[in-house]
Amino acid sequence: MQRVGVFVCWCGSNIAGTVDVQAVSEALKNEPGVVFSANYQYMCSQAGQEMIKTAVKEHHLTGIVVCSCSPRMHEATFRKTAVAAGLNPYMVEIANIREQCSWVHKDVTAGTEKAIILGKAAIAKVNLNTPLTPGESPVTKRALVIGGGIAGIQTALDIADAGFPVDVVEKQPTIGGKMAQLDKTFPTLDCAACILTPKMVDVAQNDKIRIFSYSEVTDVRGFVGNFDVTIKKKARFVKEDVCTGCGACVEKCPMKKIPNEFNLGMDNRHAIYIPFAQAVPKVATIDPDACNMLKNGKCGICSKVCAAGAIDYKQKDEIIEETYGAIVVATGFNPISMEKFDEYAYSQSKDVITSLEFERLTNAAGPTAGMLVRPSDGKHPHTLVFVQCVGSRCESCAEKGKEYCSKICCMYTAKHAMLTRDKYPDTEVYVFYVDVRTPGKNFDEFYRRAVEEYGVKYVKGMVGKIVPEGDKLKVQASDLIANKQLHLDADLVVLAAAIEPDHSARPLATMLTASMDTNDFFTEAHPKLRPVESPTAGVFLSGTCQGPKDIPETVSQAGAAASKVIGLLVKDKLTGNPCVAIANELTCNGCSSCERVCPYGAISYLDKEFRMPDRTTKIRRVASVNPAVCQGCGACTVACPSGAMDLNGFMNNQIMAEVDAICK
Amino acid sequence: MQVTEYKPLIVAFCCNWCSYAGADLAGNNRLAYPADVKIIRVPCSCRVNPTFILRAFQRGADGVIICGCHPGDCHYTSGNYYTRRRMATLFSMLDFLGIERERTRVEWVSAAEGAKFAATMNEFAQKVAALGENKRLEDLRCKK
Amino acid sequence: MKHNNDLREEILRMSGVDTAKCMKCGKCSATCPAYDEMEYHPHQFVGMVEIGEIEPLLSSESLYKCLSCFACVDRCPRGVAPAKVVEAVRLTAIRRQGANHMTANDVPLILETDTPPQLLVSAFRKYTK
Amino acid sequence: MKVRYFPGCTLKNRAKDLDTYAYRSAEALGITPEEIENWQCCGGVFTTARDEVATKLASVRALKDASDSNLPLVTVCSACHNVIKQTNHAMQTNKEFSDKVNRYLEADGGYNGEAEVYHYLEMLRDLVGFEKVKERVVNSLKGKKIAAYYGCLLLRPHKVMRMDDPENPTVMEDLLRALGADAVVYARRNECCGGYISVESPDAAKKNANAILENAKAAGAEMIITACPLCKYNLVKNGADIPVVYFTELLAEALGVKGEPNET
């Protein structure tokens, strides 16, 4: 039995509003082991913590129960308080009377009653707590960045800058990501390539960074400090270290009608290709689905023309296994498919395009060398209609689109509209919007310039239907301010498609055991206070894999993720979690049940000598847990038929005591 | 005559990584559910020993629910699969002993599913309340 | 302005629509094929019911112009179903007045040899009690 | 295989073609439509108000008949299909409504939306299969440019109808291709023709019908097919200068079972 102190927090009115905190601290006063009980406005404040420290000293407390917010919020805070007061940090238990009581119940009587019961359960548990000391584990001083867009690039550069080796895994043949496809960037209108490509070169030239392009992560094992990762480097049928990127093979390749992914299918590439001029690594890749040599052995021209001898038709996928101390996810986004939005006739007319296609269409390195023309007939468009919120802000049950705001569309649409009017003053440009959202430095000023200086016609309302007829797109829309239905004959329609996380993110999250929200964005450890960390230790988040972001936000988050990684990698040892399994050698019968369910291989068996009651000795096979490897899930405790396995911090008798306290 | 409304006693075991966080999110979003539900935090749903559940019923719990990460999303990669199999066996045994199926449940609630957590608890509490008090396994020897 | 909360509740109940879900994008009115015939347009039906301003709708001819083609229902990004709101207001008008918008006496005036019965049946169902 | 068949009011007089050719084609494809005895008019439109009961009873009777005979219920007219499917959905999802209906009907065993409802086009796609239709074609429509007109009732509301993508439907185009024709895709194929409003505002109906016809012709259509008698009426009445026929007539022609024309 401990000498327990109970500390009930009001959390201002957050708890005290629905729970009678005075009654709770009174009621808990008489629980077994309790020698001190008090309540205070903000237990987590300096004064609140002082109150705990003083009570520990004055009342010689050995256990602390704090009835407050979720342990996910302040357990660490109160453990530090305990240490400061001279106690073992694991002698603290939290009763969650905010998130799981005062915030979800409206009735004060019921709320108070429940808070008391939760307090009793925590007291029952803390009475059985024992001081725990965490073990230590080494840190592999190397980081993995998954995704080679601007988020991954920035994170890798920042980590490498601190002196740690970094590997970047990119599934495309080149790094660069979405930003490499953009023309200009808002609100400064600097050219995306001009600011991105030097960074790509920096990555290539940094001797701390290795790029695995055309590669995928296929397996992740281990835990913070020591992740064992398997990377599949797909065969590109070109020797990366030999290829000079001269492009002779590309010119001579006879298969030249393959839709070019980099230009979103608006022009063609060859079966052997380099995605774009500034690609990193600048090496050719053979598309095995298009290459005649790989399909039926007939051709081989690229091999003949390659002066460097880089072509290797027999190349196989390569499997790389490497250990990393930290992993950064930077898997990025894609625009959603427009398939379910055919009221906008995307599938029926080539002149209805998405905003990303518009980027390529106006990019000097794009399929039209930057000439804004209609994809259908190459004519110059005079009337352009931009439609915002296509698939964003849809109700979840609307069965198409996404519930969230995609955040970047308002600004890039303003950019597109402005640039069009700037370059082609003979055009009429309409933007149909639901709301124009411009919270950002110089963002609203930018949008207003589009309207006031460039004469872009912003219309409050949505487009309802687009009918391609003849060489026109008949746009039917509403103007809610004028209370009119508008009928426009447009030449080009641009849809601001919602963005969604890349489809590779979901299987990756499973491998990393990192959690995702219902939209497949990665979840942060705390939405406000730990925005670049995933709840899984050692896994960090960079860029749009965490939520819609523009480039400046992505770059800031990438830097933040890098600093978290650096903070981890500078440590030589990591303090582990002492809540690991322990085997009672006296009752263990060596049956291996626990070993079979352990996902980490943390359990091994020792042959140990025991002295028997009759003073003879006997060698018995008993389980032994490696505390550095055990992650503390507790699967073994249930699998053990003799009850020899238990889990520190969540002992059988502790949980049973909680059950008893609740069921009275 | 004054009629006091019957209040069931429900024990919810929540895994630390998904469901406990989901319950916290329900709180952050102020999504109400009955105060009859009392949550016990466990590292993983696979930490829940069948004896905890038996003990709860013996001591008069009217319903027990175990919440874990969605299949494939377990923080410990495979813990929830053990839970699923163990509980399927346990619940059918409990059913045989007279603890109705509606009194026991395994539910997957992710850290992002605050709304699902509240909805699940509301629905479960309603079902348990409809069954009335659990007398079947209430064993006085377990009570002080 | 007279706000009629009871009537608002009744219309929401009949239609099963939650007008508070509307984000005022106007896609319903953008897609409406009967827009030009209407004095009040689909987005106004939703908006006016939401604030309880229902009387002007009840006496408007717009009630009888909606085609029930459900384009607004399927295209609404928020799942609001404006056509169901229009129908609930129309039924309220017809039930309340006890007066039908169309009577059997009107039939000979519109009847032609090739008029499909479906047309008359639908019109009667929409316009009468 | 057998199906229960609900023809509807208009198919017995003004739209005999839709009915007759549906029968003949079904039989040619190995389907036996059994007409429900004493069927009553569906009412033409589904009243969306949740408290409307009386206007939906005729549909429930037809549904109950199909459910009792354990056969799918097939309809051809777009309007009947819409009303019956929506009624069935309401019986499945709106407890208050289904309770009221069941109390009123006092039918044996009650009815809670067990029947499976197919439009004739869905029957061709899901029960027969367009591959099989293609095999049975004797008069291929090769070279004919035909536009399918869906209108509103066949596809919407999508959450209930679940027939096809409401914005980019393909079921009629797939049928046309199976019959050997060139399917003309045009954007207004799922826009309303003006429907029953042609009683109230004939000009509005004319405007809608013309826009649809112009759009189909601009896309190269030489003929339009439809599943709805009211659509056909509106398109023809408002000056269609290309033929507008029921899809069943075209199907019967391709299958070689058109036979003698109807007298109307």
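Each residue in the stretch A:236-276 was checked for being free of Cβ contacts under 8 Å to residues at least 24 places away in the same chain, over 16 Å from A:Cys291 (Cα atoms) and surrounded by 18 or more Cβ atoms within 10 Å (Cβ to Cβ), and 0 of them qualify. The residue of the stretch D:73-99 that is farthest from the other protein chains (Cβ to nearest Cβ), among those that are under 11 Å from D:Lys56 (Cα atoms) and surrounded by fewer than 21 Cβ atoms within 10 Å (Cβ to Cβ), is D:Ser98.
From the list A:Cys663, A:Cys588, the lone residue that is crowded, with 21+ Cβ neighbours inside 10 Å, within 14 Å of another protein chain (Cβ to nearest Cβ), farther than 27 Å from B:Cys74 by Cα and over 37 Å from the mean Cα position of the chain (by Cα) is A:Cys663. Just one of the numbered conditions (1) away from chain B (no Cβ under 14 Å); (2) surrounded by fewer than 17 Cβ atoms within 10 Å (Cβ to Cβ) is not true of A:Ile499: (2).
When the stretch A:622-664 is filtered for residues that are small (Gly, Ala, Ser) and not in a strand (DSSP E or B), the ones remaining, listed by number, are A:Ala628, A:Gly632, A:Gly634, A:Ala635, A:Ala639, A:Ser642, A:Gly643, A:Ala644, A:Gly649, A:Ala657, A:Ala661. For D:Gly110, the criteria (1) assigned by TED's automatic domain parsing to the domain that holds D:Ile242; (2) over 20 Å from the mean Cα position of the chain (by Cα) hold in every case but one, which is (1).
One residue is enough: does the stretch C:92-105 have a residue meeting the conditions assigned to a loop (DSSP other than H, G, I, E, B), at the interface with chain D (Cβ under 10 Å from one of its Cβ atoms), out of contact with any strand residue (DSSP E or B) (no Cβ under 7 Å at 6 or more places or on another chain) and surrounded by fewer than 24 Cβ atoms within 10 Å (Cβ to Cβ)? Break it down into steps so the answer makes sense when it comes.
Our first condition is that a residue be assigned to a loop (DSSP other than H, G, I, E, B); within the stretch C:92-105, this holds for C:98-103.
Applying the additional criterion that residues be at the interface with chain D (Cβ under 10 Å from one of its Cβ atoms) yields C:101-102.
From what is left, the residues that are out of contact with any strand residue (DSSP E or B) (no Cβ under 7 Å at 6 or more places or on another chain) are C:101-102.
Cutting the leftovers down to surrounded by fewer than 24 Cβ atoms within 10 Å (Cβ to Cβ) gives us C:101-102.
There is at least one residue in the stretch C:92-105 that is assigned to a loop (DSSP other than H, G, I, E, B), at the interface with chain D (Cβ under 10 Å from one of its Cβ atoms), out of contact with any strand residue (DSSP E or B) (no Cβ under 7 Å at 6 or more places or on another chain) and surrounded by fewer than 24 Cβ atoms within 10 Å (Cβ to Cβ).
Can you tell me which residue in the stretch A:510-523 is nearest to A:Lys184 (Cα to Cα), limited to those that are surrounded by 20 or more Cβ atoms within 10 Å (Cβ to Cβ) and free of Cβ contacts under 8 Å to residues at least 40 places away in the same chain? The qualifying residue nearest to A:Lys184 (Cα to Cα) is A:Phe521. Within the stretch A:524-560, being farther than 20 Å from A:Arg72 by Cβ, in a loop (DSSP other than H, G, I, E, B) and among the hydroxyl-bearing types (Ser, Thr, Tyr) holds for one residue alone: A:Ser542. Exactly one residue among A:Leu508, A:Leu473 is closer than 30 Å to A:Ile231 by Cβ, within 14 Å of another protein chain (Cβ to nearest Cβ) and aliphatic (A, V, I, L, M), and that residue is A:Leu508.
Taking B:Ala61, is it in a loop (DSSP other than H, G, I, E, B), in contact with a Gly (Cβ under 7 Å, 6 or more places away or on another chain) and either without any contact (Cβ under 8 Å) to a residue 12 or more places away in the chain or at the interface with chain A (Cβ under 9 Å from one of its Cβ atoms) (or both)? Break it down stepwise before answering.
Details: in a loop (DSSP other than H, G, I, E, B): yes; in contact with a Gly (Cβ under 7 Å, 6 or more places away or on another chain): no; either without any contact (Cβ under 8 Å) to a residue 12 or more places away in the chain or at the interface with chain A (Cβ under 9 Å from one of its Cβ atoms) (or both): yes.
For B:Ala61, the condition - in a loop (DSSP other than H, G, I, E, B), in contact with a Gly (Cβ under 7 Å, 6 or more places away or on another chain) and either without any contact (Cβ under 8 Å) to a residue 12 or more places away in the chain or at the interface with chain A (Cβ under 9 Å from one of its Cβ atoms) (or both) - is not met.
Report yes if D:Val244 is touching a helix residue (DSSP H, G or I) at 6+ places or on another chain (Cβ under 7 Å) and more than 28 Å from A:Ser349 (Cα to Cα), otherwise no. No. The set of residues in the stretch D:75-109 being within 30 Å of D:Asp19 (Cα to Cα) and not hydrophobic (A, V, I, L, M, F, W, C) consists of D:Thr75, D:Ser78, D:His81, D:Asn82, D:Lys85, D:Gln86, D:Thr87, D:Asn88, D:His89, D:Gln92. Check whether at least one residue in the stretch D:108-118 is in a helix (DSSP H, G or I) and buried (at least 17 other Cβ atoms within 10 Å of the Cβ), and report yes or no. No, that holds for no residue.
Check whether at least one residue in the stretch D:8-27 is more than 14 Å from chain C (Cβ to nearest Cβ) and part of a strand (DSSP E or B), and report yes or no. Break it down stepwise before answering.
From the stretch D:8-27, those more than 14 Å from chain C (Cβ to nearest Cβ) are D:20-27; that's our starting set.
Those left that are additionally part of a strand (DSSP E or B): none.
Checking the stretch D:8-27: not a single residue is more than 14 Å from chain C (Cβ to nearest Cβ) and part of a strand (DSSP E or B).
Taking the stated definitions as given, is A:Ala477 part of a strand (DSSP E or B) and either out of contact with any Asp or Glu (no Cβ under 6 Å at 6 or more places or on another chain) or surrounded by fewer than 18 Cβ atoms within 10 Å (Cβ to Cβ) (or both)? When the stated conditions are applied, A:Ala477 passes them. With within 19 Å of A:Asp183 (Cα to Cα) and assigned to a loop (DSSP other than H, G, I, E, B) as the only criterion, which of A:Lys415, A:Lys407, A:Lys400 stands out? None of the others qualify; the one that does is A:Lys407. Picking from residues in the stretch B:65-110 that are of a type in the set (A, V, I, L, M, F, W, C), assigned to a strand (DSSP E or B) and closer than 25 Å to A:Ala509 by Cβ, the one that is farthest from the other protein chains (Cβ to nearest Cβ) is B:Val106.
Selection of the stretch A:328-353 for residues being within 12 Å of another protein chain (Cβ to nearest Cβ) and in a strand (DSSP E or B) yields only A:Val352. Please go through the stretch A:605-643 and pick out each residue that is more than 19 Å from B:Gly79 (Cα to Cα) and either within 14 Å of chain B (Cβ to nearest Cβ) or among the hydroxyl-bearing types (Ser, Thr, Tyr) (or both). Scanning the stretch A:605-643 gives A:Tyr605, A:Thr616, A:Thr617, A:Ser624, A:Ser642. Quick check: is even one residue across the stretch D:44-65 outside any helix (DSSP H, G or I) and away from every other protein chain (no Cβ under 13 Å)? So far as the stretch D:44-65 goes, no, none of its residues is outside any helix (DSSP H, G or I) and away from every other protein chain (no Cβ under 13 Å). Is it the case that A:Tyr424 is more than 35 Å from the chain's Cα centre (by Cα), surrounded by fewer than 24 Cβ atoms within 10 Å (Cβ to Cβ) and within 24 Å of A:Asp342 (Cβ to Cβ)? Spelling it out, it is not the case that A:Tyr424 is more than 35 Å from the chain's Cα centre (by Cα), surrounded by fewer than 24 Cβ atoms within 10 Å (Cβ to Cβ) and within 24 Å of A:Asp342 (Cβ to Cβ). Scanning the stretch A:544-585 for residues that are within 29 Å of A:Gly332 (Cβ to Cβ), among the small types (Gly, Ala, Ser) and within 14 Å of another protein chain (Cβ to nearest Cβ) yields a single hit, A:Gly547.
Is it fair to say D:Asn70 is away from chain C (no Cβ under 11 Å) and at pLDDT below 90? So D:Asn70 does not fit the description; no.
Residue count for the stretch D:131-162 satisfying the condition of being crowded, with 17+ Cβ neighbours inside 10 Å, of a type in the set (A, V, I, L, M, F, W, C) and over 16 Å from C:Arg75 (Cα atoms): 6.
When we screen A:Lys178, A:Lys208, A:Lys184 for residues that are over 25 Å from A:Arg360 (Cα atoms), among the charged types (D, E, K, R) and surrounded by 15 or more Cβ atoms within 10 Å (Cβ to Cβ), the only hit is A:Lys208.
Which is within 7 Å of another protein chain (Cβ to nearest Cβ), at pLDDT below 95 and within 12 Å of the chain's Cα centre (by Cα), of C:Leu58, C:Leu67?
Only one candidate passes the filter, namely C:Leu67.
Among the residues of the stretch C:1-38, the ones that are within 27 Å of D:Thr93 (Cα to Cα), in contact with a His (Cβ under 9 Å, 6 or more places away or on another chain) and in a loop (DSSP other than H, G, I, E, B) come to 1 in all.
The values are calculated or read from the model by the stated rules, or taken from the named source; none is laboratory data. Note that the structure is predicted; figures quoted are calculated from it, not measured. A quick note on method: Cβ atoms are made from the backbone with ideal geometry, for glycine too, and the neighbour counts reach across all protein chains shown.
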